[in-house]
Amino acid sequence: MRRVLLFAYFYPPLAGGGVHRVLSFTRHLPAHGWACTVVCAGENDYWVTDDSLTAVVPRETEVLRVAGGSGLSAWLRLRREDAKGRRSGRAFTPLRAAADWLMLPDSYAGWAKRARATVASRIARGGIDVLLSSSPPDSVHVAAADVAHETAVPWVADFRDPWVGLQFRTPPTPWHAAAHRTMESRVLAGAALVLAASRTHADALAARAEHRPRAVLHLPNGFEPAPLESRADATDRFRVVFTGSLSLMDELGTLIDAVAAVLERDPGARAVLEVDLLGPYDREWEARARARGLDGVLRFAGARAHAEARRAQRAADLLLLWRPHGEGYRTMVPGKLYEYLASGRPVLALLPGADEAAELVRRAGGVVIAPGDGRALEAELMRGLARWRTAGRAPDLVPDWLGAHTREHLAGALARALDRVATGARA
């Protein structure tokens with residue numbers, strides 16, 4: 001059996017959307033002939049954790065943890081968040097701005113430099129056929145490029161999202177922008193294969209005029225089929241559910257205003273409307289909801305185990321989807337979208353209409369409205385509530401094409417790509 005070394009900051013018990021892709025690789029690649037070694041962060045080096053995810057890490061996975069070294073881990077050691085995953089968004093913003101100035105390509109650069117030594121040491125012990133680095137953070141790719149150059153082990157660069165410093169943030173100076181472009185170009189040109197989680201990003205990489213990757217593969221995030229269990233029973237509440245990180249998400253303000261407007265137009269809705277938000281959040285949003293009189297209707301559940309979030313998705317009458325605002329995010333397909341679609345429940349997305357994620361929602365029969373459009377969100381909530389009052393819980397509807405997006409199926413595609421990379425290195 002061949003072995004791939006996965007170099008990624010996020011791995012259980014760390015939680016959040018960035019964990020599940022690499023976790024799925026380690027769960028399913030062995031069935032396709034690839035054993036896995038993971039070099040990752042320490043168990044307390046992120047502000048959201050989920051111990052239940054550790055239980056699904058295969059016993060045969062070799063896990064090498066490198067604790068500390070990132071700007072985030074240093075911050076956490078100074079100031080722990082509470083058990084629900086709450087933090088102050090205002091306090092975090094200046095730290096991120098400082099990191100953009102002082103740390104390239106990101107605040108994880110110190111950790112990546114330390115972890116690079118662990119990666120190199122493990123490769124020196126032998127038995128590693130391919131090195132795969134997975135971002136964010138992009139600093140893992142920079143470190144992996146150095147290791148690949150030093151060891152001649154074939155290297156795959158996996159982009160869950162495009163290069164963060166160029167796509168999702170504005171570099172503070174032209175010098176910073178040039179430094180990011182230089183690092184990104186080195187990664188794209190140096191890797192034997194580049195993986196992209198969205199079709200939009202993969203196509204953009206393949207069309208680059210300069211520093212175009214040698215090979216690009218679109219590998220969606222996909223989903224794990226939920227355990228077999230009965231469909232959620234109807235309740236006396238119209239349940240609207242969002243799962244995932246709520247921190248620094250402007251769309252949460254749109255939701256708060258829309259729910260307040262629904263209650264103003266339909267006072268009876270207070271007795272039956274239930275908006276559950278499962279995920280880490282900023283305290284400011286909770287205070288804003290309370291100020292609008294939404295206690296008992298809009299509920300911040302905080303960080304929850306992934307299995308609990310999946311159960312909430314299946315029990316929902318309406319699932320909400322959004323992502324941060326900005327042109328750079330057009331290439332992002334949130335990983336939870338595939339879980340939403342697999343739940344069979346109706347999806348309402350606040351996304352730009354031409355984006356890839358929006359097209360997937362529409363293709364599955366969901367509704368897309370413009371980001372920040374509070375009136376449209378209010379109207380859709382009213383419409384969904386009216387249908388529920390008349391006909392009860394909507395039937396489950398899972399699109400036929402979703403079967404090709406299970407993580408086990410996608411791991412097979414990745415394994416075949418790794419076979420080609422490993423064989424090419426030996427040719």
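Things worth noting here:
- By the count of other C-beta atoms within 10 Å, a proxy for reagent exposure, Thr254, Thr26 are ordered fewest to most as Thr254, Thr26.
- Residues whose amide H falls under 5 Å from that of Val275, counting only those 5 or more places apart or on a different chain, are Val240, Leu298, Arg299, with hydrogens built in the peptide plane.
- Put a plus charge on the Cβ of each Lys and Arg, a minus charge on the Cβ of each Asp and Glu, and nothing anywhere else: the dipole of the chain about its Cα centre is then about 480 debye.
- Full-extension gain in nm, Asp373 to Leu248, via 0.36 nm per residue minus C-alpha separation: 43.2 nm
- Based on Cα contacts under 8 Å between residues 6+ apart, region 238-402 shows a relative contact order of 26 percent.
- Cβ-to-Cβ counts within 10 Å put Trp322, Trp401 in ascending order as Trp401, Trp322, the fewest first.
- Mean separation of Cα contacts under 8 Å, 6 or more apart, over the residue count of the chain: relative contact order %: 16
- Relative contact order of region 118-170, pairs being alpha-carbon contacts under 8 Å that are 6 or more residues apart, as %: 40
- Residue exposure sequence - Ser247, Ser121 - by fewest surrounding Cβ within 10 Å: Ser121, Ser247
- Cβ-defined net charge surrounding Ala271, 12 Å radius [Lys, Arg +1; Asp, Glu -1]: 0
- Rounded to two decimals, the Cα-based Rg/Rh of the chain, with Kirkwood Rh, is 0.97.
- Its alpha carbons considered, region 238-402 gives a radius of gyration followed by a Dmax of 14.8, 44 Å.
- Once both labels are positioned 7 Å from their Cα atoms along Cα-to-Cβ, the gap between Ala31 and Ala291 label points is 5.0 nm.
Each reported figure results from applying straightforward, stated rules to the coordinates on display, with no laboratory input. Fair warning: this is a prediction, and the values are worked out from it, not measured in the lab. Note that each Cβ is placed from the backbone with ideal geometry, even for glycine, and that neighbours are counted across all protein chains shown.
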